[in-house]
Each structure stands twice: as structure tokens, then as C-alpha cells.
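First comes the structure, then the notes that go with it.
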Amino acid sequence: MASDDDLLEMHRRMLVIRGFEKRVAVLYRGNEVPGFVHLSVGQEAAAVGACWPLGPSDVITSTHRGHGHCLAKGLDPLGMFAELMGKATGTNRGRGGSMHIADPNLGIFGANGIVAAGLPIAVGAATAAQLRHDGSVAVAFFGDGAVAQGAFHEAVNLAAVWHLPAVFFCENNGYAEFSASSDQHAAPLKKRAKGYGVGYVAVDGNDVVATADAMAEVVDAMRAGGGPVIVEAATYRWHGHYEGDPQHYRTTEERAEGEAGDPLLVHAAKLRKAGIEDDVIDALAAAVARELDEAVDAARQQADPPASSLFDFVARPRPEIPEPAALPADAPVFRTMDAVHHALEAELATDERVFVAGIDVGAGGNVFALTRGLHERFGDRLRDTPISETAVMGVGVGAAMAGMRPVVELMYLDFVGVCLDQLMNQAAKMPFMTGGAAQMGLTVRTQFGAGRSSGSQHSQSLEVLLAHIPGLTVVMPSTPADTYGLLRAAIQDPNPVIFIENRLLYGMKGPQPPEDHLVPIGRSKVVRAGTDVTVVSVSRMVHEALAAADALAEEGISVEVIDLRTVAPLDMEPILASVAKTSRLLIAHEAAVPFGIGAEIAAVVAREAFWDLDAPIERIGTAATPAPYAPGLEQAWLPDRDDIAARIRSLNEV
């Protein structure tokens with residue numbers, strides 16, 4: 001049973017949330033808070049009760065309506081007011097705002113503007129807790145509308161399969177934006193929980209004591225080894241979906257009935273029943289009001305972020321890695337597939353934070369046998385997942401925010417479309433939106449490769465989609481040694497790295513580097529010197545370019561070949577230096593020509609080295625069609641060494 005002190009503290013926390021939200025509404029109407037605002041007035045008991053049994057090491061993920069959750073977990077109102085006003089001293093340095101407010105140092109992994117996106121991230125945090133055996137739990141707040149999202153299904157299912165310490169806390173306020181929840185779902189959460197094989201607890205979300213008691217029981221069971229639970233708190237959203245929402249979808253009578261269950265009034269009655277006098281309750285309310293007013297005044301005095309800070313927090317500084325020395329001629333030989341295996345093995349052996357997750361990467365050893373034997377050595381740090389790419393990427397994001405170094409596998413690059421949100425809106429943006437507070441040492445391994453009649457959905461070179469997203473690093477190695485050195489560097493890197501292998505190179509042989517071999521990310525390399533034409537390429541097409549260069553050498557044409565190795569960020573310095581020497585440039589890649597990386601390289605060279613050029617910049621890549629299945633059509637679609645050689649000859653004649 002809660003003590004009087006606990007009852008008063010619960011009331012104080014709810015007063016803070018209610019007072020904060022009411023002041024934000026006023027600030028928003030006065031144009032002191034820009035952007036969108038979604039307030040949680042009426043849902044204070046759910047937030048406070050859910051966070052009541054949580055400690056500093058426990059993690060929460062939140063929603064676009066997340067102010068209350070953050071305050072209940074201990075976030076400072078002053079920093080939050082400043083953040084909502086876009087101030088440099090805000091919780092997130094003015095980078096997050098209302099929908100993205102977070103403090104990972106307090107276990108607050110973020111409010112989130114994408115419905116249900118926080119659930120897979122919470123599963124990642126719970127995975128970190130399970131691997132560390134530290135007794136912490138993760139709580140994913142979501143609204144009833146999020147149940148319709150695939151991310152909800154994938155997250156709950158994966159948590160159940162892995163028996164994770166994850167609470168999925170639904171604030172059922174009756175509405176998904178403008179639509180009544182009764183119109184959105186054919187099955188209630190209780191039935192869904194049974195289908196997933198997880199626990200289910202229903203609670204009155206307007207009663208903070210009942211919610212806190214229920215959550216304490218759930219969390220205690222998890223700390224003792226229990227698995228995931230869905231908690232459904234029935235509550236009511238007093239304001240509209242967003243501030244300014246005319247709420248035509250609700251009647252005055254309905255709103256009056258909903259507001260009659262005011263959590264503050266419900267709890268005040270409990271305080272009085274416990275013998276706490278009204279003057280104590282009133283004094284507490286007055287003290288909270290003063291603190292919030294002072295916080296608003298202080299936030300107003302803070303400075304805006306200077307324009308010079310625009311690029312802060314996009315990426316963390318990389319470790320300084322020198323270009324490795326050339327490998328000796330008598331070095332042992334290994335394959336690209338061995339390079340992937342050895343790099344993963346080395347990082348798993350030297351860093352306990354590293355784990356690998358993906359479809360069939362554990363006992364199955366990966367569809368290409370790249371992780372075979374690692375599960376036997378490293379146990380549950382090689383984790384098989386269901387076919388749930390959104391959940392897998394979310395595991396990576398959440399675990400990275402928790403300080404782990406996850407390596408998650410996307411079996412085919414073509415599948416990026418089914419999980420793009422976790423990469424584009426979460427991994428790439430979390431460090432920025434949190435003002436640099438979020439860790440994101442995440443590596444996503446994937447592969448592509450055309451030429452074997454894999455068809456339109458298993459042959460695409462989509463690196464440009466990811467390279468166009470600020471915050472993501474995109475690496476595409478071409479040799480076994482570079483694969484090893486770049487993969488180890490990627491896992492050690494503090495930024496999210498998409499590591500794209502070419503499956504047609506898995507059997508390629510080359511010299512094996514020493515175990516400590518690292519290759520710097522973001523550095524291109526001249527792999528063949530020449531004087532007449534510069535060819536820039538990446539991944540498998542580097543070898544086609546080298547073969548073309550060898551053939552053309554017999555014709556007296558000297559070709560310099562540059563291997564990008566990293567697509568984002570682009571290292572243009574060797575390219576510009578080469579063009580200054582050759583005055584001719586061809587960019588060859590396996591992706592479609594329009595809007596490919598070749599276009600970006602050409603644009604930079606045209607701007608920076610226009611007067612060095614003696615011929616138009618040329619690009620070569622696949623035709624602007626989906627990848628054909630028929631071998632003859634695929635051969636016509638995909639450029640090879642002969643096509644590259646023909647284009648070089650044409651350039652050299654200009």
C-alpha cells in the first residue's frame with residue numbers, strides 16, 4: 001500500500017504534467033512554441049503510474065504525445081520548455097522539439113513522430129538488458145491507433161520469441177487521431193496478447209495508484225525473469241489530436257463525460273481519504289505552479305541556436321584510422337565470405353557490446369554461410385529473428401542507444417523498403433534530434449548483386465537511397481581485405497553504417513590481412529594509376545573497370561581507377577586530383593544511371609574541376625528499368641568490362 005509521501009509524490013508528478021501541458025497550450029497559441037504540439041492533458045495518471053516502478057537504468061520509448069512520459073521519467077521541465085521553444089539550451093539543443101524530445105541518459109529514448117516506431121526501439125533496449133543481465137526493463141508507450149501498424153506486430157512478436165523484459169503500455173484514449181478506436185480494430189488487445197503468447201493486464205488509466213500497482217507487479221516479475229506483457233490503460237484525451245484540432249468528431253457530452261474522470265480529482269479524493277488535508281494539497285499545487293512559471297520565464301531568456309551550429313550532431317567524430325600498408329605478395333589467401341566471418345568473429349571476441357541479429361544468422365549460419373560456427377562460440381550474441389525486418393532494424397537502433405554495438409542483417413538490400421523508417425527516421429536522425437545525446441554505434445550488413453537472374457526484387461543496387469539520408473554512412477567494399485578492414489571499422493564506428501556487400505564477390509579470393517587490419521571509412525583509393533582517363537567505381541564494378549583498364553593498356557590507353565569504398569560520405573579529393581591529371585572522367589556503378597551516385601560525383605567535379613575537363617563527364621550503369629529475369633535481357637541491362645572499355649575509348653577520342 002502506498003505511503004502518504006508516495007501518494008503526495010504521485011499527485012505532484014501529475015500536477016507537473018498537467019501544469020506543463022496547460023502552459024504549453026498557451027505558449028503555442030502565442031506563437032512561442034513552433035511546429036506541432038500534441039498534449040496529454042487527461043492522461044497524467046497513466047504516465048506517472050507506468051513510470052512509478054522504473055529506475056534510472058530502465059528505458060522508455062514514447063509517442064508524438066510524449067511530454068507526460070518524459071516528465072514522469074524525470075526530465076527537467078525547464079529543459080523541456082526551452083526545447084519546445086527551440087532554444088540552444090533545450091533538452092535536445094533545439095533539434096527535437098515536441099515530437100522528438102528525449103534524454104537517453106535518463107533512459108528516455110525519445111518521443112517519436114512516427115506512429116509505433118518506438119516499439120521496435122524498446123525491443124532493442126530490452127535486448128541490451130537481456131544480454132547484460134542487468135535486471136532493467138524497457139517500456140514502450142503507444143496509443144491504441146498504433147496497434148494497426150506492422151511495427152506493433154513485429155515488435156511484440158519478437159519480444160515474445162526472445163522472452164524479453166519489455167512492457168508494451170497502451171494508453172487507450174479512445175481515439176486514433178480523429179477516428180474512434182472501435183472503428184479501427186476488429187480484435188481487442190486482450191485477444192491479441194493471447195495470440196502473441198504474452199501477458200495482458202488491464203488497468204484504469206485514470207487511477208494513478210491502480211496503474212502504479214499494476215506496473216510494479218509487472219516490472220517485478222520481469223526483473224525476476226518474466227517475459228513481455230501488454231498493459232492497457234483506459235484513459236481519455238481531453239484535447240484534440242493536435243492543438244488547434246476542431247474536434248468535430250466528438251460531442252460536447254462525450255467530452256464532459258470523459259473529463260469527469262479527471263485523474264487529478266480521482267487522486268485528490270484518495271489523498272483526502274488517506275487523511276491528507278486540503279491545505280497540504282493546495283500548497284503542493286501552488287508550489288508546482290510557481291516552479292513551472294519560473295521555468296517558463298527562464299526558458300524565454302535562453303538563446304536560440306546559432307546558424308553556425310547547423311551541422312552539429314549530424315555525425316560523431318570518427319576514430320582516426322590510417323590507410324593500411326600494401327599487403328605482402330606472400331600473404332595467405334582468403335575469400336570475401338571469409339573476410340565477413342573473420343571480421344564479425346574478431347569484433348565479437350574483442351568487444352562484449354557486439355552482437356549479431358538477423359534472419360537465420362545464428363544456428364543456421366546465414367543464408368550464405370557467412371556466420372557459420374559463430375553461434376556455437378558466442379551463444380545468444382548470435383540471435384536468430386523472425387522474418388521481421390522492421391523489428392530487426394529497431395533492435396539495432398534501440399540496442400545502440402543503450403550502448404551496445406549491434407550488427408543487424410538485412411538479408412537483401414532490396415528489402416530496405418519494408419524497414420526504411422527505422423533507418424531513415426530513427427537511426428539516421430536520433431543523434432541529431434537528441435542534440436548528440438543518443439549513441440548510435442549501429443552496423444547494418446546487407447548485400448546485393450545482379451547477373452544471376454535473381455529478378456527485379458533481388459537484384460537492385462539501392463545505395464543511393466540510403467546515401468541521400470543525412471546521418472547514414474554507406475560502405476561498399478570491393479576486395480576481401482577491404483571487406484574485412486571496413487567491416488571491423490564499421491562496427492567500431494560511433495555512427496550508423498550501412499555495410500553493403502556484393503554477393504557475387506563472396507567467392508572472390510585475395511590476400512588476407514593481419515587480424516588488426518582496419519580500413520578508414522570515408523576514404524576512396526586509387527587502385528590503378530593512369531594518365532589518360534579516370535574511372536571511378538565501387539563494389540563489383542571496380543573489377544570490371546580494372547579489367548577494362550587492363551585491356552585498354554594494350555591499346556595504349558592509360559586508365560586510372562578509383563575505388564570509392566565509401567559512398568557516403570564521398571571522398572572527392574582523390575577524384576579531383578585524378579581529373580586534374582587525366583582531364584577525362586567516367587563513373588561506373590551497378591545502379592541505374594539516373595539520379596545515381598555518378599550524378600553527384602559529376603556535379604561536384606563539374607563545379608570544382610570544370611577547367612580541368614577536356615571532355616564531357618560520362619556515366620555508365622544499369623538501364624533505367626527494373627532488373628530483368630531473362631539472362632539475355634539482364635546482360636543487356638547490366639554493364640560489363642566491355643561496355644566500360646567502349647565508353648573509355650569514346651572519351652579518349654574527344
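Remarks
- With respect to the conditions (1) open to solvent by 50 Å² or more (accessible area, probe 1.4 Å); (2) closer than 28 Å to residue 473 by Cα, residue 531 lacks only one, and its number is (2).
- For residue 213, the requirement of being in a helix (DSSP H, G or I) and farther than 21 Å from residue 129 by Cβ is met.
- Residue in the range 198-208 that is more than 26 Å from residue 266 (Cβ to Cβ), in contact with a strand residue (DSSP E or B) (Cβ under 9 Å, 6 or more places away or on another chain) and part of a helix (DSSP H, G or I) present: no
- Selection status of residue 417, free of Cβ contacts under 8 Å to residues at least 24 places away in the same chain, closer than 28 Å to residue 631 by Cα and open to solvent by 10 Å² or more (accessible area, probe 1.4 Å): yes
- Residue ID - nearest to residue 206 (Cα to Cα), chosen from residues in the range 251-260 that are surrounded by 11 or more Cβ atoms within 10 Å (Cβ to Cβ) and without any contact (Cβ under 8 Å) to a residue 60 or more places away in the chain: 260
- Among residues that are free of Cβ contacts under 8 Å to residues at least 60 places away in the same chain, within 30 Å of residue 439 (Cβ to Cβ) and among the small types (Gly, Ala, Ser), residue 145 is included.
- Residues satisfying the stated conditions in the range 356-392, i.e. crowded, with 16+ Cβ neighbours inside 10 Å, over 17 Å from residue 343 (Cα atoms) and β-branched (Val, Ile, Thr): 359, 367, 385, 390, 392
- Index of the failed condition, residue 6 passing every other in (1) open to solvent by 50 Å² or more (accessible area, probe 1.4 Å); (2) at pLDDT below 95; (3) under 26 Å from residue 287 (Cβ atoms); (4) of a type outside the set (S, T, N, Q): (2)
- Selection within the range 216-240 - in a loop (DSSP other than H, G, I, E, B), open to solvent by 20 Å² or more (accessible area, probe 1.4 Å) and within 23 Å of residue 14 (Cα to Cα): 236, 238, 239
- Of all residues making up the range 356-379, the number that are in contact with a strand residue (DSSP E or B) (Cβ under 8 Å, 6 or more places away or on another chain) and charged (D, E, K, R): 1
- Of the residues making up the range 593-613, those that are within 21 Å of residue 502 (Cβ to Cβ), open to solvent by 40 Å² or more (accessible area, probe 1.4 Å) and not charged (D, E, K, R) number 1.
- Scanning the range 40-71 for residues that are of a type in the set (A, V, I, L, M) and buried (at least 24 other Cβ atoms within 10 Å of the Cβ) returns 45, 46, 47, 48, 50, 59, 60, 71.
- Counting only strands (runs of 3 or more DSSP E) wholly contained in the range 281-387, the ones carrying 2 or more residues that are under 30 Å from residue 425 (Cα atoms) occupy 354-358, 382-384.
- Just one of the numbered conditions (1) touching a strand residue (DSSP E or B) at 6+ places or on another chain (Cβ under 8 Å); (2) within 30 Å of residue 254 (Cβ to Cβ); (3) aliphatic (A, V, I, L, M); (4) not in a strand (DSSP E or B) is not true of residue 139: (4).
- Unmet requirement for residue 546, which otherwise passes all of (1) open to solvent by less than 10 Å² (accessible area, probe 1.4 Å); (2) without any contact (Cβ under 8 Å) to a residue 24 or more places away in the chain; (3) aliphatic (A, V, I, L, M): (1)
- Total residues in the range 76-121 satisfying the condition of being assigned to a loop (DSSP other than H, G, I, E, B) and aliphatic (A, V, I, L, M): the figure is 9.
- All of 164, 158 fail the test of being surrounded by 15 or more Cβ atoms within 10 Å (Cβ to Cβ), part of a loop (DSSP other than H, G, I, E, B) and hydrophobic (A, V, I, L, M, F, W, C), apart from 164.
- Selection over the range 122-136 of residues that are in a loop (DSSP other than H, G, I, E, B) and open to solvent by less than 30 Å² (accessible area, probe 1.4 Å) gives a count of 1.
- Among the candidates 61, 91, residue that is out of contact with any Asp or Glu (no Cβ under 6 Å at 6 or more places or on another chain) and among the polar types (S, T, N, Q): 61
- Of all residues in the range 207-249 being in contact with a Lys or Arg (Cβ under 8 Å, 6 or more places away or on another chain) and among the hydrophobic types (A, V, I, L, M, F, W, C), the one that is farthest from residue 179 (Cα to Cα): 209
- Close pairs (7 angstrom Cβ cut-off, 6 or more residues apart or separate chains): within 20 Å of residue 524 (Cα to Cα) and small (Gly, Ala, Ser) in the range 298-323, at pLDDT 95 or above and open to solvent by less than 90 Å² (accessible area, probe 1.4 Å) anywhere: 315/471; 315/495
- Within the range 279-307, the only residue that satisfies the criterion of being among the polar types (S, T, N, Q) and open to solvent by 80 Å² or more (accessible area, probe 1.4 Å) is 301.
- Of the candidates 106, 84, 131, the single residue that is modelled with pLDDT of 95 or more, closer than 21 Å to residue 13 by Cβ, among the aliphatic types (A, V, I, L, M) and in contact with a Lys or Arg (Cβ under 8 Å, 6 or more places away or on another chain) is 106.
- Scoring residue 339 on the criteria (1) free of Cβ contacts under 8 Å to residues at least 40 places away in the same chain; (2) closer than 22 Å to residue 408 by Cα leaves a single failure, condition (1).
- Within the range 308-324, the set of residues being over 30 Å from residue 88 (Cα atoms) and open to solvent by 80 Å² or more (accessible area, probe 1.4 Å) comprises just one member, 322.
- Residue check, residue 464 free of Cβ contacts under 8 Å to residues at least 60 places away in the same chain and either closer than 25 Å to residue 318 by Cα or not acidic (Asp, Glu) (or both): no
- Index of the failed condition, residue 22 passing every other in (1) surrounded by fewer than 22 Cβ atoms within 10 Å (Cβ to Cβ); (2) touching a residue at least 40 places away in the same chain (Cβ under 8 Å); (3) under 19 Å from residue 263 (Cα atoms): (2)
- Residue in the range 189-206 that is within 23 Å of residue 67 (Cβ to Cβ), open to solvent by less than 20 Å² (accessible area, probe 1.4 Å) and touching a Phe, Trp or Tyr at 6+ places or on another chain (Cβ under 8 Å) present: no
- The set of residues in the range 614-641 being within 20 Å of residue 537 (Cα to Cα) and surrounded by fewer than 17 Cβ atoms within 10 Å (Cβ to Cβ) consists of 615, 616, 623, 624, 635, 636, 640.
The values are calculated or read from the model by the stated rules, or taken from the named source; none is laboratory data. Please read these numbers as outputs of a predicted model, since none were measured by experiment. Cβ atoms come from the backbone with ideal geometry, glycine included; neighbour counts cover every protein chain shown. The area values use the complete protein model at the heavy-atom level, side chains included, leaving out ligands, DNA and RNA. Shrake-Rupley method; radii C 1.70, N 1.55, O 1.52, S 1.80 Å.
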